[in-house]
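The values are calculated or read from the model by the stated rules, or taken from the named source; none is laboratory data. The structure displayed is predicted, hence computed values, not measured ones. With ideal geometry, Cβ positions are generated from the backbone for all residues, glycine too; neighbour counts draw on all protein chains shown. Ligands, DNA and RNA are excluded from the accessible area calculation, which covers all protein heavy atoms including side chains. Shrake-Rupley method; radii C 1.70, N 1.55, O 1.52, S 1.80 Å.
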Amino acid sequence: MKKRTDYLVVGSGAGGATVAAGLARTGAQVTVLERGPDYSRVGNHLFTIAVLDGHGFLKSNEGMGVARALVTGGSTLLTCGTACRPPAGVFEKHAIDLGPYLEETERDLRVTTLPDETIGEAALRLVEVGDSMGMHWRKLDKFIDPEKCEPRFCNCMLGCPKGAKWTSREYLDEAKRHGAEVLPRVTVDEVLVSGGAAVGIRGWEKGVGPVEIESGVTILAAGGMGTPVIMQRSGIEGAGEGFFCDPLVFTVGFHPTLEGGFDPPMTVGTFDFWESDGFVLSPVVDPWGSFGIEILRARPAFLGRWARFPHAMGIMTKAKDELSGRVNIDETFSKVLTHKDRSVLDKGIGISRRMLVEAGCPSDSIFVTKVRGAHPGGTCRIGEVVDTDLKTGLDNLYVCDASVIPDSLAAPVVLTLVALGKRLVEHLRP
Ligand SMILES: Cc1cc2nc3c(=O)[nH]c(=O)nc-3n(C[C@H](O)[C@H](O)[C@H](O)COP(=O)(O)OP(=O)(O)OC[C@H]3O[C@@H](n4cnc5c(N)ncnc54)[C@H](O)[C@@H]3O)c2cc1C
């Protein structure tokens, strides 16, 4: 395939879809290239296994699991729907004021908290326990429509079949309504460069053949692990050196009576330790199918308890990790937790254990999952690989995804990426 477009967006996740919709709204000619397929049957384990990179077994060279989805809408399809502003200072340090864009994003994504009946008794019990232990637990903001969310049988992290959760497919659909072209199953290999400027891309359409597209402006939004690979293949230095992945563990117990296994994840939580220690706590357990796999990975002797999934009560510790490791040109990556990362996670696990026991889970029912990363980013950081307008060292080449975030947020990143996308549209709009 050979063609030409004014604006070429590579990747259709949180960053890419926002830029595509924003530019298409202005009447500009926009083409989106997405490596993954356009599956519509979301909300089941088969879908998740099909779209997760490595079918859920993507690992660093050292064996640490990291999750990313390769599908139209990217990883937004698998989120818990939790909305969180970035901690103060991360962008201000670079003289970037995301405030107005975050406000607009919260309106677009209809951010709200969920009612008690959707949150469920198990999570509400943890709020009580947290408060009784002197912490401040509260409802978290969600980009989930409470009217459509089905409590007691939530499948958030498998893709919401009820359409209750916002995903970047909403922006993709809007981009298409304004004339944008979205081409799935096209993997971009490298940016074509002429005279110090990006002039298009070269890639491959699955089952069809080579693709070459000329473009006026190219925006890489292939995610924290995808963009640095394209950058390196295009000869751009610095990309992929050091990254964060917000490592997380679930401390899980089994409650004798309360049932929370099928409740929506991350409906409540505490940010008490965010600034002081660099972690957040919030109730989550894996969806029931992957729950069994996580027991096998962490504590095979507990496998029989899989049947007690409805009574599982889990608290996630999501930590701010140090920038370390690297993403390589061949898509392999290296990541090990530093001593500091490990001790941050251990502190969260200790508090979670005490909370679960206090909530009524027998202490011998508790196990801790293996560490995983769910928000890979920081591989093309603002101030190092891109400037504050998200422009690379090449003219007409920009980046808008988790790779530009300068430091781990230890918190959900979608709100931040949509806000960055809106800001970039303002910079680029014709
Ligand atoms: C299980 C899970 C739960 C999460 N929960 C939350 C939550 O509650 N709230 C929150 O804010 N965040 C959450 N996140 C994180 C959030 O989903 C991601 O951080 C966010 O989607 C990243 O956006 P992005 O634009 O950087 O990349 P992505 O959304 O990953 O999009 C990148 C896209 O680029 C495509 N791509 C990659 N390489 C190429 C290539 N070479 N050519 C063409 N296309 C390419 C990919 O297929 C993908 O579609 C969660 C993540 C996971 C995995």
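Is it the case that segment 117-136 has a residue that's within 30 Å of Arg423 (Cβ to Cβ) and touching a helix residue (DSSP H, G or I) at 6+ places or on another chain (Cβ under 9 Å)? For segment 117-136, residues within 30 Å of Arg423 (Cβ to Cβ) and touching a helix residue (DSSP H, G or I) at 6+ places or on another chain (Cβ under 9 Å): absent.
For segment 147-170, filtered to residues that are touching a helix residue (DSSP H, G or I) at 6+ places or on another chain (Cβ under 7 Å) and away from the ligand (no atom under 12 Å from the Cβ), the residue that is farthest from Asp401 (Cα to Cα) is Pro151. Looking across segment 292-312, just one residue is within 20 Å of Thr257 (Cα to Cα) and outside any helix (DSSP H, G or I), and that is Ala312. Within this structure, Glu62 passes the test of being surrounded by fewer than 17 Cβ atoms within 10 Å (Cβ to Cβ), more than 15 Å from the ligand (Cβ to nearest atom), part of a loop (DSSP other than H, G, I, E, B) and touching a residue at least 60 places away in the same chain (Cβ under 8 Å).
Considering segment 385-425, the residues that are more than 16 Å from the ligand (Cβ to nearest atom) and free of Cβ contacts under 8 Å to residues at least 24 places away in the same chain include one that is surrounded by the fewest Cβ atoms within 10 Å (Cβ to Cβ), namely Asp387.
Does Ala307 fit the bill of being over 28 Å from Met135 (Cα atoms), free of Cβ contacts under 8 Å to residues at least 12 places away in the same chain and not polar (S, T, N, Q)? When the stated conditions are applied, Ala307 passes them.
Kindly indicate whether Arg305 is of a type in the set (D, E, K, R), in contact with a strand residue (DSSP E or B) (Cβ under 9 Å, 6 or more places away or on another chain) and open to solvent by 70 Å² or more (accessible area, probe 1.4 Å). The answer is yes for Arg305. Applying the condition of being under 17 Å from Ser282 (Cα atoms) and not in a loop (DSSP other than H, G, I, E, B) to segment 147-169 and asking which residue is most open to solvent (accessible area, probe 1.4 Å) yields Met157. Among the residues of segment 65-86, just one is more than 8 Å from the ligand (Cβ to nearest atom) and open to solvent by 30 Å² or more (accessible area, probe 1.4 Å), namely Arg85. With respect to the conditions (1) modelled with pLDDT of 95 or more; (2) in contact with a strand residue (DSSP E or B) (Cβ under 9 Å, 6 or more places away or on another chain), Leu58 lacks only one, and its number is (1). Taking first residues from segment 214-238 that are of a type in the set (Asp, Glu) and assigned to a strand (DSSP E or B) and partners that are open to solvent by 20 Å² or more (accessible area, probe 1.4 Å) and modelled with pLDDT under 95, the Cβ contacts under 9 Å between residues at least 6 apart in sequence or on separate chains come to Glu214/Lys2; Glu214/Lys3.
Among the residues of segment 326-365, which ones are under 25 Å from Phe244 (Cβ atoms), assigned to a helix (DSSP H, G or I) and open to solvent by 50 Å² or more (accessible area, probe 1.4 Å)?
His339, Lys340, Arg342, Ser343, Asp346, Lys347 - these are the residues of segment 326-365 that are under 25 Å from Phe244 (Cβ atoms), assigned to a helix (DSSP H, G or I) and open to solvent by 50 Å² or more (accessible area, probe 1.4 Å).
Checking each residue of segment 98-118 against the condition of being at pLDDT 95 or above, more than 30 Å from Glu275 (Cβ to Cβ) and buried (at least 23 other Cβ atoms within 10 Å of the Cβ) gives no match. Among the residues of segment 224-263, none is identified as under 21 Å from the mean Cα position of the chain (by Cα), within 13 Å of the ligand (Cβ to nearest atom) and open to solvent by 20 Å² or more (accessible area, probe 1.4 Å).
Here Thr31 clears all of (1) open to solvent by 10 Å² or more (accessible area, probe 1.4 Å); (2) at pLDDT 95 or above except the condition numbered (1). Considering only residues that are outside any loop (DSSP other than H, G, I, E, B), closer than 21 Å to Cys156 by Cβ and either more than 9 Å from the ligand (Cβ to nearest atom) or acidic (Asp, Glu) (or both), which ones fall in segment 1-47? Correct list: His45, Leu46, Phe47.
Yes/no per residue for (1) more than 25 Å from Lys148 (Cα to Cα); (2) free of Cβ contacts under 8 Å to residues at least 40 places away in the same chain:
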residue	(1), (2)
His55	yes, yes
Val90	yes, no
Pro100	yes, yes
Glu106	no, no
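For segment 180-194, taking the residues that are open to solvent by 40 Å² or more (accessible area, probe 1.4 Å) and more than 11 Å from the ligand (Cβ to nearest atom), the one that is nearest to Asp6 (Cα to Cα) is identified as Glu181.
Let's see how each residue does on (1) away from the ligand (no atom under 16 Å from the Cβ); (2) surrounded by fewer than 22 Cβ atoms within 10 Å (Cβ to Cβ):
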position: Leu126; (1), (2): yes, no
position: Val129; (1), (2): yes, yes
position: Gly134; (1), (2): yes, yes
position: Leu172; (1), (2): no, no
position: His178; (1), (2): yes, yes
